[in-house]
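Worksheet: the structure to be examined is printed underneath.
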Amino acid sequence: MFMFSLSALAQQTDIAGFDQDTISNYSAYKRSISFAGLLQTRYVTSLTNNVDVNGQNFNDESTSKITNTFILKRVRLQVKGTVNDHFSANLMVNFAEFSSNPSNKVLENAYVKYTLSRYFNLQAGQFRPFFGIEDALPVDIIRTLDYSNQYYAFGASGWQSFQDGVSIFGSVTKDGQLPVRYYAGVYNGNNRNQPTDNDNAKNTYGRLEASLTKNLIIGINAASGSQGTGTGNAWGGAIY
């Protein structure tokens, strides 16, 4: 696996602020836009006889199965705009999805976030709900080959991965105390880039995590929801 990332930052200056003793227009003073990118390529080969690069079995007589290939896993561009010290917007697309059927795939993040303080943040749009630790980590710092099979399984069933909805999160404790954070939200649960929900029910989730030491965090989470044909509950926990 080969990975490459690029980031840049552009800041808009509040020209009117130079003529004032103090800055009163925080909306202009805090305004900024940043760009980040991720290029992730791979060489994939099957080390098992009669198994192709997608993990599918085939018989010895098949000549059309691919057992090794170079692929583009992710070609991401992320744009974050900060309107002021309370409002920001995030947009992320993955151009690698154009290599196959791009329907309902290319757009990943598209949300607006309101920050009142470290104790309360509200974001709405399309994003990954904080159901588990992997939802809080971008792929360029996961330090593994990819996300776990559990993450993709939960994403396919509408629990994790990119979803449309609303989320609140923040810190529970003050500086100097044991760091405890909360996450909660409601979302459609029928995956990304869908025109509407596939039923009238919504998925809800909650997560609570604490940093016991600098290198030890524990978290618990629970969720309830549906995906059109049925309802269910999910629970989880993590120590990392």
- prompt: Under a plain spin-label model, where a point goes 7 Å from the Cα along Cα-to-Cβ, how far apart in nm are TYR147 and GLN194?
  reply: 1.6 nm
- request: Indicate the gyration tensor shape class of region 112-240 (rounded, prolate or oblate), computed on the Cα atoms with a ≥ b ≥ c the square roots of the eigenvalues: a/c under 1.5 is rounded; otherwise a/b larger than b/c is prolate and the rest oblate.
  value: prolate
- prompt: So for SER34, SER99, SER88, fewest C-beta neighbours within 10 Å to most, what's the order?
  reply: SER99, SER34, SER88
query: To the nearest 0.05, how large is the calculated FRET efficiency for VAL51 and LEU116 if R₀ is 51 Å and r is the Cβ-Cβ distance?
result: 0.45
task: Compute the label zone of THR204 within region 170-192: residues whose backbone N is under 13 Å from the point 7 Å along Cα-to-Cβ.
output: 184-187
- request: List, in the order given, every pair from LYS30/LYS202; LYS174/LYS202; LYS105/LYS202; LYS73/LYS174; LYS80/LYS202 whose Cα-Cα distance in the structure shown is over 30 Å.
  value: LYS30/LYS202; LYS174/LYS202; LYS73/LYS174
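Bear in mind these aren't lab numbers, they're just calculated from the coordinates by the rules spelled out. Fair warning: this is a prediction, and the values are worked out from it, not measured in the lab. All Cβ positions, even for glycine, are placed from backbone atoms using ideal geometry, and neighbour counts span all protein chains on display.
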